[in-house]
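Participant: The structure's right below; bear with me while I get my questions together.
The values are calculated or read from the model by the stated rules, or taken from the named source; none is laboratory data. A quick note: this is a predicted structure, and the numbers were derived from the prediction, not measured. As a convention, Cβ positions derive from the backbone with ideal geometry for all residues, glycine included, and neighbour counts pool all protein chains shown. Ligands, DNA and RNA are stripped out before the accessible areas are found, and what is left, the full protein with its side chains, is counted by its heavy atoms. Shrake-Rupley method; radii C 1.70, N 1.55, O 1.52, S 1.80 Å.
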Amino acid sequence: MAAPTLIRSVCNAMERIAPLRLAEKWDNVGLMLESPVQNPTRRSVLLTIDLTTSVVNEALAPNLASPPGVIVAYHPPIFKPALSSITLSNPIQASLLRCAAEGVSVFSPHTTLDCVFGGINDWLAHGVLGRSTIDVINHPEVIGRDISILGAEKRGLDGELEGGEGRLVVLPNPIKIGELERRIKAFLGLEHVQVGYAADGSVSGSGSSESIIKSVAICAGSGGSMLVGRDADVYLTGEMSHHEVLAAVASGKHVILCGHTNTERGYLPVLAKKLRDELKDLGMEVNVSKTDAHPLRIV
């Protein structure tokens with residue numbers, strides 16, 4: 001498949017999965033890099049959360065059975081509205097230059113995938129409800145049950161509701177926060193999460209880990225600005241600032257932080273399934289990066 005056809009097919013497929021109009025106003029989404037080099041051997045798509053040096057090395061490795069011609073990087077490697085230069089001294093820019101030289105284009109969906117129905121926040125919501133990623137892949141039609149939009153709604157050109165900011169889960173059966181922690185760790189494949197228990201007004205100022213949870217407000221990635229002040233028993237996100245956590249627990253909310261990209265990476269197999277379905281008539285492979293990983297470790 002010629003390079004222009006490949007990138008056009010991927011862009012069109014991603015538009016059907018998560019329309020660019022759903023992105024937040026501050027975000028930079030869509031085609032980040034269109035390589036001018038046509039390499040007919042590059043016929044697959046590689047999915048990653050971040051376009052790191054390791055991911056680029058993976059994509060450009062010699063002797064790949066199906067080398068990628070497009071990388072779908074969830075986080076946009078170009079975020080500022082204007083670049084003053086593109087040089088090899090900047091690691092992210094160097095990765096983009098290497099991709100361009102080898103015939104690899106880069107597309108980033110970011111908040112379009114957060115907002116769209118069936119996207120990352122809905123996926124997290126189903127983890128809170130005790131489902132698995134495989135369940136979400138195999139039964140996408142049940143997405144939306146017990147789940148509502150937390151913030152602003154996102155509508156299409158015809159006025160039809162297509163998604164929105166964050167999600168609110170109302171649990172059909174209330175559970176202890178310890179059980180919620182267990183569900184989240186199992187769903188995301190994590191050994192540890194950070195938890196701030198709601199202040200209970202005691203001298204110690206520490207809340208109870210036995211609290212009963214009825215509702216969970218969700219925002220993938222960095223969710224402080226979206227979550228603080230919302231009416232829910234628990235705020236679930238990747239990261240919040242110190243003062244946002246203090247404000248939340250002081251107002252009687254529990255906080256569960258999983259690490260920014262840990263709330264996003266597990267969705268890539270779901271996206272891979274969606275892209276394969278969209279591109280099946282073209283016979284294109286869609287693979288999830290093996291080197292993409294959360295940048296921080298607990299030691």
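Participant: Which of the residues spanning region 27-85 are touching a Gly at 6+ places or on another chain (Cβ under 8 Å) and either farther than 20 Å from A272 by Cα or in a loop (DSSP other than H, G, I, E, B) (or both)?
Facilitator: Residues satisfying the conditions are S35, V37, Q38, N39, R42, R43.
Participant: Further, regarding this structure: Just checking, does region 142-152 include any residue being in contact with a strand residue (DSSP E or B) (Cβ under 8 Å, 6 or more places away or on another chain), assigned to a strand (DSSP E or B) and open to solvent by 30 Å² or more (accessible area, probe 1.4 Å)?
Facilitator: Yes, region 142-152 contains at least one residue that is in contact with a strand residue (DSSP E or B) (Cβ under 8 Å, 6 or more places away or on another chain), assigned to a strand (DSSP E or B) and open to solvent by 30 Å² or more (accessible area, probe 1.4 Å).
Participant: I would also like to ask the following. Checking I147 against (1) touching a helix residue (DSSP H, G or I) at 6+ places or on another chain (Cβ under 8 Å); (2) at pLDDT 95 or above; (3) under 28 Å from I49 (Cα atoms), only one condition comes out false. Which one?
Facilitator: All conditions pass for I147, except number (2).
Participant: S54 - would you say it is within 24 Å of V270 (Cα to Cα) and out of contact with any helix residue (DSSP H, G or I) (no Cβ under 7 Å at 6 or more places or on another chain)?
Facilitator: It is true that S54 is within 24 Å of V270 (Cα to Cα) and out of contact with any helix residue (DSSP H, G or I) (no Cβ under 7 Å at 6 or more places or on another chain).
Participant: For region 45-80, which residues satisfy the criterion of being small (G, A, S), surrounded by fewer than 22 Cβ atoms within 10 Å (Cβ to Cβ) and either under 13 Å from S108 (Cα atoms) or in contact (Cβ under 8 Å) with a residue 60 or more places away in the chain (or both)?
Facilitator: S54, S66 - these are the residues of region 45-80 that are small (G, A, S), surrounded by fewer than 22 Cβ atoms within 10 Å (Cβ to Cβ) and either under 13 Å from S108 (Cα atoms) or in contact (Cβ under 8 Å) with a residue 60 or more places away in the chain (or both).
Participant: Let me ask something else. Note down all Cβ pairs under 8 Å where the first residue falls in region 271-299 and is more than 19 Å from A61 (Cβ to Cβ) and acidic (D, E), the second is at pLDDT 95 or above and open to solvent by less than 60 Å² (accessible area, probe 1.4 Å), and they're at least six residues apart or on different chains.
Facilitator: E278/A13; E278/I17
Participant: Find all pairs meeting these conditions: Cβ atoms under 7 angstrom apart; at least six residues apart or on different chains; first residue within region 232-244 and at positive phi; second residue crowded, with 21+ Cβ neighbours inside 10 Å.
Facilitator: none
Participant: Take the residues in region 118-132 that are within 13 Å of V270 (Cα to Cα) and in a loop (DSSP other than H, G, I, E, B), then tell me which one is modelled with the highest pLDDT.
Facilitator: By that ranking, first place goes to G119.
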